[in-house]
Structures are given as C-alpha cells and as structure tokens.
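Working notes, structure below.
Taken together, the values in this text are just the output of simple stated rules run on the coordinates, not laboratory data. Keep in mind it's a predicted model, so treat the numbers as computed, not measured. Cβ atoms come from the backbone with ideal geometry, glycine included; neighbour counts cover every protein chain shown.
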Amino acid sequence: MKALHTYASLEHFQQHFHSEDTCIQYLFHQKWPDGYSCPNCQHTRCYTIRSRRIPLYECQLCSHQTSLTVSTVMERSRTTLRKWFTAIWFVSRNDKGINAVQLSSLIQVTYKTAWSILHKIRRVISNYDAQSTLDGHIDAALTLYGHSHRYLSSTTISSEQHPFITAISHPSDQHSRMVKMKLVYRELITGRRLQPFAYEQFNTQHSSPNKSRLIPFTSYDQRAQAVPIQNLAKQMSTWLNNTFHGVGVLHLQMYLDEYCYRLNIEAQNISTWRHLSNLCCQVY
Ligand SMILES: [Zn+2]
C-alpha cells in the first residue's frame, strides 16, 4: 500500500481514501501489518467472507471468525469507514480539531452520530494519554479554564472557573517535550495555591517513577517562570472556546487530553493522522 502520510487538505485525504475498499485495506494493514493472524490460534490463513459491509475473516484451522472493527471504536457502528476516517482525519489536524455540528455537516450524519464519533475518538486519546508518562524535568503550575485566563488573579477561583494542572516535560536526548493537563478538585486549592499534596498525586499518576522530577511553580516569586505554562493553558482555552464555544466540566478532561495529544505527537515529529488512525484501528 502507498506510504501513509499527513494529508494537507480534505480533498487530498478523500482522494486517497476514495472508497470503502480503500478504508478496509487500510484497516486490515493497521490490524495485521504482517498479514492475517487468527486471534484465537495465530494461524495465518483465512477465508474472507464478503457478504457483509465489512468483511469477516474465518480461520482455516479453527474456524474462528473475526472482523476488522471488533473491539475498536468502530465496532457495531453503522457509519461507513470512510466517514469514520474523515472524522479521525479532522481530529488529527494540528491546528483546529472539529466540533460535532461541523462534522455532522461535513460527513452527512446526524449531530448525535457526529458527537458520538468524536466522543469515541476522544476516549481513545484519553486511554492513550493514561498510558503515557512524563519523563525528566517537569515544570507544573495550577491553571484555569473559564472566565479569566489570568493566573489566579483573585484570592479565590469562581464556580465558573475549572482548575487543572498543566505540566510540561523538558525535551532531552531520551524524549521529546510532552504536555499534560489534568483537572484537580477545587477543594485542594487554598487561597491562590494548590495543596502540595495535589502535585505529588499528579506526579505519582502521570510521571515515570524514578525518572522524573516535578517542580511546581506555586509562589508569587515563581510566576515569571510559570508564564510558558500559563500561555499554553491560555492557548488551550482559546481553542476550546473557538472550536466548541465553551465546554462543561463533565467532558472537559477529554478535551484537555485531545489538546495535549496533538501537541505531544507533533513534538515527536510523526504524523498525527497516522498515529491517531492507528490508535482507532486497534483493540482498546
Ligand atoms: Zn484460528
């Protein structure tokens, strides 16, 4: 199959993925890069049953049947693979992402279906994020989503502001720069500060044990050092507001993960489309 890369425009993307068959071939290659392997017995020969929209593969040794979408985000979906792939491509774009209203119009599905597709893609991203840890020297600070982007400019945060930790690991020979944004309970904030315990908890959950050193910028004196972190949180807030016209706290964490995911994959110098489509084609 043709080398896979980032597609510069929707037209370019759709020219390549011009049919369901092309998408099936791509999915097959993602699932079995070395050719078919029975998930039950690892036998490498199968019968292809094409009576369905997406083929079934029946093992020639044990008769186990499997499909390309089983246990992936696309399992049991009635939406075509081409529409799924187009949605994944839109989410993978490093500049914007996409909201459900735009997606429903672009791929001609209902708003509910578009929302569900995007939600499932975000779940894949959040699962991936949960398995990735920050390494090396990490700077972290308390940041806010909501009304004011300013760094805890008042003595307390309002109920319309959602606090989260933004952490950035410095690039080194071993790893590229990586970003995480994780919501924190407002009960852990006293006045302007997040309790040190919350940073420790963040470090335990999201950093490599023995391979990381997290420095929280908590005091007034450290505010200048926290500027890059605050700027990043501000850019994320602008993206949320421009693309989604604001997001409630219920799903906010997934949007934070989506934002960080694109930055992190881009920092590794690999195609976000390639990485995200691979994640979505895998069992999760
Ligand atoms: Zn088998």
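Please work out how much length the chain gains when fully extended from Val101 to Arg78, using 0.36 nm per residue of separation minus the C-alpha to C-alpha distance, in nm with one decimal.
Details: separation 23, 0.36 × 23 = 8.28 nm, distance 1.90 nm.
Length gained, Val101 through Arg78: 6.4 nm.
Using only Cα atoms, locate the centre of segment 16-68 and the centre of segment 240-271, then give the distance between them in Å, rounded to an integer.
Between the Cα centre of segment 16-68 and that of segment 240-271, the gap is 32 Å.
Restricting things to alpha carbons, find the Rg to Rh ratio for segment 186-259 using the Kirkwood radius for Rh.
Details: Rg = 14.3 Å, Rh = 14.4 Å.
We get a ratio of 0.99 for segment 186-259.
Rounded, prolate or oblate: which fits segment 1-121 when a ≥ b ≥ c are the square roots of the eigenvalues of the alpha-carbon gyration tensor, with rounded for a/c under 1.5 and prolate only if a/b beats b/c?
Working: a/c = 2.44, a/b = 1.79, b/c = 1.36.
Judged from the Cα gyration tensor, segment 1-121 comes out prolate (a/c at least 1.5, a/b above b/c).
Quick one: if the Förster radius is 41 Å, what FRET efficiency do Phe197 and Trp32 give, using the C-beta to C-beta distance and rounding to 0.05?
Details: r = 46 Å, r/R0 = 1.13.
Efficiency, from the Cβ-Cβ distance: 0.30.
Just how many pairs of Lys in the chain have C-alpha atoms closer than 23 Å, counting pairs that are eight or more places apart or on different chains?
19
Using just the helices of the chain, give the 222 nm mean residue ellipticity in deg cm²/dmol: DSSP H runs with n ≥ 4 each add -39,500 (n - 2.57), and the total is spread over all residues, rounded to 500. Mind showing how you got there, number by number?
On the way: 9 runs with 118 residues, N = 284.
Taking each H run of at least 4 residues, the total per residue is -13000 deg cm²/dmol.
How large is the charge dipole for the chain, taken about the Cα centre, if only the Cβ atoms of Lys, Arg (+1) and Asp, Glu (-1) carry charge, to the nearest 20 debye?
Values: 29 positive and 18 negative charges, 102 e Å.
Roughly 480 debye for the chain.
What is the calculated FRET efficiency for Asn94 to Tyr185, with r their C-beta to C-beta distance and R₀ = 41 Å, to the nearest 0.05?
After rounding, the FRET efficiency stands at 0.85.
Along segment 112-122, what does the Karplus equation 6.51 cos²θ - 1.76 cosθ + 1.60 (θ = phi - 60°) give for ³J(HN,Hα), rounded to whole Hz, x for Gly and Pro?
Once rounded to whole Hz, the list reads 4, 5, 4, 4, 5, 4, 5, 5, 5, 5, 5.
Can you pull out the GluC sites (Glu not before Pro) in segment 1-92 that DSSP calls coil and that have at most 14 other Cβ atoms within 10 Å? Present the calculation step by step, with values, prior to reporting the outcome.
Details: sites: Glu11, Glu20, Glu58, Glu75; in loops: Glu75.
Sparse-neighbourhood loop GluC sites (Glu not before Pro): Glu75.
For segment 11-79, just say rounded, prolate or oblate: build the C-alpha gyration tensor, square-root its eigenvalues into a ≥ b ≥ c, call rounded for a/c under 1.5, and beyond that prolate if a/b exceeds b/c, oblate if not.
prolate
Rounded, prolate or oblate: which one fits the chain, using the alpha carbon gyration tensor with axes a ≥ b ≥ c (rounded when a/c is under 1.5, else prolate when a/b beats b/c, else oblate)?
Working: a/c = 2.44, a/b = 1.87, b/c = 1.31.
The shape class here is prolate.
So for the chain: antiparallel DSSP bridges make up what percent, rounded to the nearest 5? Can you show the working numbers first?
Numbers: 23 of 29 bridges.
Around 80 percent antiparallel, to the nearest 5.
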